[in-house]
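Written out below as structure tokens is the structure these notes cover.
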Amino acid sequence: MDHHLSGHYPDDGTSREHEVYTRILIEEGELQRLLDYVKARPAYIAKFYKHLIPAFPEEVYHIFAGQIFEEASRASSKHGYRYVCSLIQTLANAGGQEHAGKIVHSLLER
């Protein structure tokens, strides 16, 4: 492991710093750290799932589910509902068809 990655991820940095940090994690193969980063910022799951899913499929599905339910609870417009649908479709396309189906069922019961 490189020493420059030994600290925690940037908490209060700029979006550019976050972009550089995540790019370094991906290039260095630091997938556990990338997963930790996304767990702390679940809105990023749609951006980084392709890197994480081979090593952490269940964790990725779990993060997607949490993010979908969070977005669904906040959705109040057509745009918000479309975004929820796009997250569900991304989850299904990522191999989480069963998870996506359960989420849709759960959302329809609400």
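Read-outs throughout are calculated quantities, based only on the coordinates presented, and are distinct from any laboratory measurement. As the structure is a computational prediction, the values presented were derived from the model and not from experiment. Neighbour counts run over all protein chains shown; Cβ positions are idealised from the backbone, glycine included.
First measure r as the distance between the Cβ atoms of CYS85 and GLN32, then evaluate 1/(1 + (r/R0)^6) with R0 = 25 Å and state the FRET efficiency to the nearest 0.05.
0.25
Ranked by Cβ crowding within 10 angstrom, fewest neighbours first, how are ILE26, ILE88 ordered?
Lowest to highest Cβ neighbour count: ILE26, ILE88.
Setting aside same-chain residues fewer than 8 positions from LYS50, which lysines have a Cα under 26 Å from its Cα?
LYS39, LYS102
Return the distance in nm (one decimal) between the two label points of a simple spin-label model at SER15 and ARG74, each offset 7 Å from Cα along Cα→Cβ.
My value for the distance between the label points is 1.4 nm.
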